[in-house]
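The values are calculated or read from the model by the stated rules, or taken from the named source; none is laboratory data. Quantities reported herein were computed from a predicted structural model and do not represent experimental measurements. Quick reminder, even Gly has a Cβ in these numbers, built from the backbone with ideal geometry, and neighbours come from all protein chains shown. In case anyone asks, the SASA skips ligands and DNA or RNA and just uses the protein heavy atoms, side chains included. Shrake-Rupley method; radii C 1.70, N 1.55, O 1.52, S 1.80 Å.
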Amino acid sequence: MALIHNLGFPRIGAKRELKFALEDFWKGNISAAALLTRAKELREQNWITQQSLDLVPVGDFSLYDQVLDMSVTLGNLPSRVAQLKGGELDNYFRVARGRSVNDSDCDCVHAGEMTKWFDTNYHYIVPELGADSRFSLNPERLLSQLEEAKALGVNAKPVIIGPVSYLWLSKAKDQSDKLALLEHLLPVYRELLAKLADAGAEWVQIDEPALVTELSPDWKNAFESTYHSLKASKVKLLLATYFGPLQDNLQLACSLPVAGLHIDAVRGRKEVINVVDWLPAHKVLSLGAIDGRNIWKTDLNATLDWLEPVADILGDRLWLAPSCSLLHVPVDLNSEDKLDTDCLSWLAFATQKLEELSVLGKAINLGRSAVFEELSVNQIAINSRANSTRIHNPAVKAAVKSINAELGKRQGGYGERVNKQRAHLNLPLFPTTTIGSFPQTADIRKTRRAYKKQEVSAAAYTAKMKAEIERAVREQEKLGLDVLVHGEAERNDMVEYFGEQLDGYLFSQYGWVQSYGSRCVKPPILFGDISRPKAMTVEWTKYAQSLTDKPMKGMLTGPVTILNWSFVRDDQARSETCLQLALAIRQEVQDLEAAGVKVIQIDEAALREGLPLRKSEWQHYLNWAIESFRISANGVSDETQIHTHMCYSEFNDIIEAIAQMDADVITIETSRSDMELLDVFEEFHYPNEIGPGVYDIHSPNIPSQEQAVALMNKAAQRIPAERLWVNPDCGLKTRQWEEVIPALKNMISAAHTLRAQAK
């Protein structure tokens with residue numbers, strides 16, 4: 001009998017209950033005890049939702065981030081917080097966001113660096129290591145959750161990040177060899193596994209997603225030595241890989257001395273038969289047959305067509321699961337009541353994916369006849385989507401076919417453009433700007449909700465948004481910023497806002513997924529060919545420009561980021577879809593320029609996120625991604641200054657591709673990494689202008705003028721002063737005005753200091 005299980009479940013709650021509990025706690029509105037009680041209730045609800053599974057994950061729930069949780073379990077918190085007053089929860093949030101709820105401004109510390117979890121839009125807190133790092137077990141979080149699950153009668157499978165992937169995901173702050181720490185790390189893992197066994201765990205899921213990446217011989221050897229060291233554990237280990245095929249690591253993964261192996265059979269479908277052949281006969285094979293990263297309904301009959309022969313070979317050794325943790329999809333489609341019936345039938349959120357998994361399990365164990373009705377309903381939905389006339393637009397396809405190289409070229413090179421732009425904009429040295437958004441207050445959100453519910457008129461809504469735009473403009477003028485933004489009061493999300501105005505998108509009400517901590521996003525659903533019926537931002541930007549004589553940036557989200565931050569159709573190549581988006585954004589850029597906007601920012605925050613996990617596949621992606629950006633940006637005159645923005649990604653290894661984007665100005669995150677991301681500019685001569693972020697907007701901490709000056713001086717050691725801008729790391733949407741005003745004052749004062757130093 002095939003067994004069904006899950007690798008992880010969304011922890012935010014169907015209505016984002018965890019988000020609101022966290023933010024209430026950080027504001028001091030609820031106690032730590034109340035926060036932990038709410039977290040326990042959410043865990044229990046998740047386990048109840050998964051109770052039909054043969055094995056249920058435990059330990060996948062986190063208050064902020066699962067990698068940070070593993071750092072706590074291993075006793076590996078930065079020394080700057082380890083000795084501070086307060087308890088474990090205080091230090092946990094200090095690493096996550098720079099302060100605990102009990103800290104004052106003067107108590108704040110540097111938050112842990114944050115970057116993308118493989119090629120997803122989830123951000124994790126990067127573990128910090130050094131040559132003298134040592135580890136000590138702190139298993140209470142995991143043991144207590146295991147006890148909670150057992151009390152509910154759940155057949156629990158603890159989930160932990162494996163030791164090799166933990167080191168692989170870490171950053172050595174002193175440039176030491178991370179693998180040298182393995183000998184100190186493994187005894188703690190052995191101790192943890194022993195305690196889980198003593199607590200009644202039979203299986204432990206040990207996640208090693210690094211196995212789907214390109215590994216040097218040293219890292220491959222580390223996997224072998226690690227699992228030979230752990231093979232005497234009293235628990236059975238299920239080694240879980242996901243996010244892609246194993247390729248050259250396939251035989252390594254099959255040979256490791258563990259009781260079972262999980263592979264991503266969605267992205268690595270072609271490898272299934274090889275794994276079946278190579279996996280020793282005493283090991284379980286878990287196949288991730290349901291897509292854990294997208295929201296389309298699984299074609300169950302087609303899946304069974306390839307799965308049934310595998311089941312015939314493996315018998316009881318076959319386990320079925322989603323391809324990865326369901327952290328990356330919304331919780332429950334049953335909350336949606338505004339999607340039309342056809343579109344609703346095409347989708348599956350986390351809860352529905354477990355139902356699909358159950359159908360597959362019954363079909364394998366009892367035969368397709370046992371789930372005939374379920375398979376028939378599924379096939380109707382699959383056929384409905386495939387044959388829908390709403391998906392294909394011949395005019396859009398013709399426009400993509402007509403794309404030529406000229407669409408991606410500016411009139412002049414950067415050397416020509418920069419002189420024209422400086423003459424036109426007349427900006428000072430070290431010009432200051434922000435990334436786009438200003439605080440989305442409770443009042444703004446309330447008005448938006450009321451407008452969507454038709455409780456306020458379009459005229460009243462527009463008047464309110466214009467008032468908020470004027471507030472943002474006046475605050476920027478008082479602060480003395482050089483290039484202003486309109487603040488984006490009218491925008492719910494930097495992708496959803498555009499998707500709502502493009503043909504080819506669907507929108508959920510409750511399709512939230514976690515981006516980091518309490519930050520949730522609701523990716524729009526890109527289901528068909530993309531076109532732009534009308535201008536999306538021009539009127540708001542024109543209004544903002546009418547309020548000031550200073551340059552006003554037009555703010556757009558780029559095609560690659562819209563693609564990577566949407567749930568994307570799976571019936572055509574992503575490159576084709578991206579080119580459709582590029583043409584739509586190009587139209588908007590040209591309309592902004594025609595309206596007199598001379599600075600236009602096209603955010604590509606997710607450019608690196610879409611990189612394949614293997615470098616050998618990067619160039620194909622970068623070719624069409626950079627082409628898409630250039631098509632969107634380059635239909636303007638030399639006098640129009642094009643900006644782009646990237647955040648929380650290691651981009652040093654794609655700097656040449658970023659230079660090929662040929663944006664006049666690029667703004668990037670550097671404050672959490674203490675300008676380490678600028679090291680690449682010591683070797684690579686970046687040709688255009690750059691704004692390294694000096695204000696970490698993901699933390700409530702207010703940077704001082706001295707901190708900003710110090711960071712910019714580090715940047716000036718690598719980049720000529722005349723090509724440097726001063727700006728925050730990212731948009732200010734999630735911050736409060738009382739934080740933003742003093743932080744920007746300090747940032748602008750830093751720019752004045754830098755100008756004085758340069759005289």
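The single condition among (1) more than 27 Å from G292 (Cα to Cα); (2) not in a loop (DSSP other than H, G, I, E, B) that V109 does not satisfy is (2).
Scan the helices (runs of 4 or more DSSP H) fully inside region 1-92 and keep the ones with 2 or more residues being open to solvent by less than 10 Å² (accessible area, probe 1.4 Å).
The helices (runs of 4 or more DSSP H) meeting that bar are 17-26, 32-49, 66-73.
Counting the residues of region 627-659 that are in a helix (DSSP H, G or I), surrounded by 19 or more Cβ atoms within 10 Å (Cβ to Cβ) and small (G, A, S) gives 4.
Check region 377-399 and report whether any residue there is farther than 30 Å from T753 by Cβ, open to solvent by less than 30 Å² (accessible area, probe 1.4 Å) and outside any helix (DSSP H, G or I). Yes. For region 188-230, taking the residues that are in a helix (DSSP H, G or I) and of a type in the set (S, T, Y), the one that is nearest to A259 (Cα to Cα) is identified as Y227. If we keep just the residues of region 551-573 that are surrounded by fewer than 17 Cβ atoms within 10 Å (Cβ to Cβ) and touching a residue at least 24 places away in the same chain (Cβ under 8 Å), which is nearest to H645 (Cα to Cα)? Filtering first and then ranking leaves D570.
When you go through A544, A605, A584 one by one, which is the residue that is crowded, with 17+ Cβ neighbours inside 10 Å and at pLDDT below 95? Going through A544, A605, A584 in turn, just one is crowded, with 17+ Cβ neighbours inside 10 Å and at pLDDT below 95: A605.
Checking each residue of region 171-187 against the condition of being open to solvent by 70 Å² or more (accessible area, probe 1.4 Å), among the polar types (S, T, N, Q) and assigned to a helix (DSSP H, G or I) gives no match.
Counting only residues that are part of a helix (DSSP H, G or I) and basic (K, R), which one in region 688-736 is most open to solvent (accessible area, probe 1.4 Å)? Step by step, filter region 688-736, then rank; the result is K714.
Residues checked against (1) touching a residue at least 60 places away in the same chain (Cβ under 8 Å); (2) crowded, with 22+ Cβ neighbours inside 10 Å:
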| residue | (1), (2) |
| --- | --- |
| M114 | yes, yes |
| W117 | no, no |
| I125 | yes, yes |
| D132 | no, no |
| L137 | yes, no |
| R141 | yes, no |
| E148 | yes, no |
| L152 | yes, no |
| K157 | yes, yes |
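Evaluating F118 against the criteria (1) in contact with a strand residue (DSSP E or B) (Cβ under 9 Å, 6 or more places away or on another chain); (2) among the aromatic types (F, W, Y); (3) under 21 Å from Y242 (Cα atoms) leaves one unmet condition, (1). Being open to solvent by 30 Å² or more (accessible area, probe 1.4 Å) and either free of Cβ contacts under 8 Å to residues at least 40 places away in the same chain or closer than 22 Å to L724 by Cβ (or both) is a description that applies to K453. Residues that are farther than 30 Å from K522 by Cα, in contact (Cβ under 8 Å) with a residue 60 or more places away in the chain and under 25 Å from the mean Cα position of the chain (by Cα) are absent from region 218-238. Does any residue of region 350-357 turn out to be under 28 Å from G511 (Cβ atoms), in contact with a Gly (Cβ under 8 Å, 6 or more places away or on another chain), open to solvent by less than 30 Å² (accessible area, probe 1.4 Å) and assigned to a helix (DSSP H, G or I)? The answer is yes, given that some residue of region 350-357 is under 28 Å from G511 (Cβ atoms), in contact with a Gly (Cβ under 8 Å, 6 or more places away or on another chain), open to solvent by less than 30 Å² (accessible area, probe 1.4 Å) and assigned to a helix (DSSP H, G or I).
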